[in-house]
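Before any comments, here is the structure.
FYI, it's all coordinate maths here, none of it is from the lab. Source: prediction; values computed, not measured. Here Cβ is always computed from backbone atoms with ideal geometry, including for glycine, and neighbour counts include all displayed protein chains.
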Amino acid sequence: MTSPYPLASILGILIVALSVSALLIWVERRLLALWQDRYGPNRVGPFGLLQVVADMIKIFTKEDWIPPFADKAVFVIAPAIIMVTVLLSFAVLPIAPGIIVVDLNIALLFFLGMSSLGVYSIVLAGWASGNKYSLLGGLRAAAQMISYEVFMGISLMGVVLLAGSFSLTTIVEAQRNRWFVLPQFLGFVLFLIAGMAEARRLPFDLPEAEAELVAGFHSEYSGMKFGMFFVGEYLGITLISSMITVLFFGGWMGPWLPPLVWFLVKVFAFICFFILLRASLPRLRFDQLMSLGWKVMLPLALVNLVVTGAVVTAFK
Amino acid sequence: MLSLLRTIWSVFLHTFRRRVTIQYPEQKPYLAPRTRGRIILSRDPDGGERCVACHLCAVACPVDCISLQATEDENGRRYPEFFRINFSRCILCGYCEEACPTYAIQLTPDFEMSEYKRQNLVYEKEDLLIDGPGKYPGYNYWRVSGVQVDGKGKGEAENEAPPVDLRRLLP
């Protein structure tokens, strides 16, 4: 079931995922600038592409400061958790036929579990910083994850019902004739919103909320630990975009072009869409976030699940 | 909900808008003729220094960046012995230009004065003095003032009434 060249797949996916997420810093700044009628970073190298390298050099040479009032062990481990959980999710991601690290038959559940574990990073970072703003950020992250994890899982069950499997490869194969975004449009919208909350992107970046909480959970972080939170966030965007592509937009399926190109094009389109949302939408208030999650999204997800189940049963 | 979608769409339409940023070092911005930039000292049309070392600019300067020393030449005309502007302090407010009674000190539309050494931003008189009359061509302070100096008696200036003869009783 696994790929014919496991080591090559592991290394390739790791390197590509990490470099793509590093490059996303540049992509995001350029796109935000485009939508704000500016240029963005365009000085370092061609089109400013080497800005990423400059940022890396800067962030590696910064002082790596652990505050004396912090819980040291947890403070150091917290940024690693987000990287590990997101990168583990990439292991089950079918990028193209043969390019997958491990083809689990419960890949979707594995992804949901890993994305739930990712919140520990935020909560522990907020707690271990010993700073009231960080703690508030951590608390918000915990509440946000509980609210959005529930309907995120339920919104995906429609896809699972249609494909009849938790395996992501099977789900992609089931979309050979028709992408699941058509029969599962509501599920797609719900998963998109939950994914934004999961990646802590702008309409839902309450744990960070630099306008209210300094920088939220990573207020006390500096140097490469701060960098790991950022790489984790961009990896999260890449992962959510990849999952949307795999679950609703037919993964690598597409005419003419090779499968890998189709996958990358679709993922990039969703990354751009996430950045567009960041450029246009204001941050929700905390109570709005909670009531949206529990009062609107959860019932909608349940309705979607029930209707899909009824239709699938009726036409069996 | 609909307004959110409209917001997203209108932000997306900015993809096709012109960018407002001016790419500065390659593309120079338009500077109005009266932009307040680097300070110069001008000369009158006859080539003499306009500055009469009255110290009004130094008094008006809110950051005390102007220092000068007054002296007189052989004709009894005052002029600055040295005139020093510290551009690392100067805030380009233009108060010195407003205070100047002889249009000597003027601000020009040039702001590119970066230096690697702070000391290089202290401009001496020979750095400040230009060869032209600046914004006021044809104006010569000594020709319109009522002050008597060598080469011009009282009442000989342009548009100047002859001086009152104190020994006459007629008006």
Query raised in the report: What net charge is computed for the residues neighbouring B:R38, neighbours being all others with C-beta under 11 Å from the C-beta of B:R38, Lys and Arg scored +1, Asp and Glu -1?
Result: -2
Requested in this report: May I ask what percent, to the nearest 5, of DSSP beta bridges between residues of the protein assembly as shown are antiparallel?
Outcome: 95 percent
Query raised in the report: Among A:V150, B:V63, what is the fewest-to-most ranking by other Cβ atoms within 10 Å?
Result: B:V63, A:V150
**Report entry** Nearest-ten-degree value, helix A:223-248 long axis tilted from longest Cα axis of chain A
**Finding:** 10 degrees
Query - Summed side-chain charge close to A:E198 - residues other than A:E198 whose Cβ falls under 13 Å, Lys, Arg +1, Asp, Glu -1 - result: -1
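Taking the beta-carbon count within 10 Å as an exposure proxy, list B:S10, A:S9, B:S145, A:S115 from fewest neighbours to most. Intermediate values should be presented prior to the final figure.
Numbers: B:S10 11, A:S9 19, B:S145 15, A:S115 25.
Ordered from fewest to most neighbouring Cβ atoms within 10 Å, B:S10, A:S9, B:S145, A:S115 come out as B:S10, B:S145, A:S9, A:S115.
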Report summary line: Convex hull around the C-alpha positions of segment A:228-316: the volume in Å³ per residue is 149 Å³
Query raised in the report: Applying the Karplus parametrisation 6.51 cos²θ - 1.76 cosθ + 1.60 with θ = phi - 60° to the phi angles of segment B:85-94, what ³J(HN,Hα) value in whole Hz is obtained for each residue in order, glycine and proline being reported as x?
Result: 10, 8, 6, 6, 9, 4, 9, 6, 7, x
**Report entry** Karplus (6.51, -1.76, 1.60) ³J(HN,Hα), θ = phi - 60°, over segment B:153-158, in Hz, Gly and Pro reported as x
**Finding:** x, 5, x, 9, 6, 5
**Report entry** Neighbour-count order for A:V181, A:V76, fewest beta carbons within 10 angstrom listed first
**Finding:** A:V76, A:V181
Query raised in the report: Along the charge dipole of segment B:25-136, Cβ charges K/R +1 and D/E -1, which of B:N75, B:C51, B:C96 sits furthest on the positive end?
Result: B:C96
Requested in this report: Return the sequence-ordered ³J(HN,Hα) values of segment A:290-305 in whole Hz as given by the Karplus equation 6.51 cos²θ - 1.76 cosθ + 1.60 applied to θ = phi - 60°, using x for Gly and Pro.
Outcome: 5, 5, 4, x, 7, 8, 10, 5, 5, x, 4, 5, 5, 4, 4, 5
Report task. Rounded to the nearest 10 degrees, what's the angle between the helix B:2-13 long axis and the longest principal axis of chain B, both from Cα atoms, 0 to 90? Result -> 60 degrees
**Report entry** Test item: Cα-centred dipole of segment B:13-116, Lys/Arg +1 and Asp/Glu -1 on Cβ, debye
**Finding:** 800 debye
Query - Helix A:259-280 vs. chain A, principal-axis angle (Cα, 0 to 90°, nearest 10) - result: 50 degrees
Query raised in the report: Among the aspartates and glutamates, which have Cα under 17 Å from the Cα of A:K266 when same-chain residues fewer than 8 positions away are ignored?
Result: A:E28, A:E173
**Report entry** Rg to Rh quotient for segment A:127-232, alpha carbon positions, Kirkwood Rh
**Finding:** 1.12
Report task. Kindly provide the pair-distance distribution of segment B:25-136 built from C-alpha pairs, with 5 Å bins from 0 and whole-percent values in order of increasing distance. Result -> 2, 12, 22, 25, 20, 11, 5, 2, 1, 0
**Report entry** Amide H partners (placed H, <5 Å) of B:L129, local residues excluded
**Finding:** B:L41
Requested in this report: Find which of A:V76, A:L31, A:F60 sits farthest along the positive direction of the dipole of segment A:2-82, computed with +1 on the beta-carbon of Lys and Arg, -1 on that of Asp and Glu, about the Cα centre.
Outcome: A:L31
Query raised in the report: Given q = 0.06, 0.09, 0.11 Å⁻¹, what are the Debye log10 I(q)/I(0) values for segment A:6-314, with equal point scatterers placed on the Cα positions and solvent ignored?
Result: -0.20, -0.45, -0.69
Report task. Could you let me know the centre-to-centre spacing of segment A:230-250 and segment A:1-72, using Cα atoms, in angstrom? Result -> 15 Å
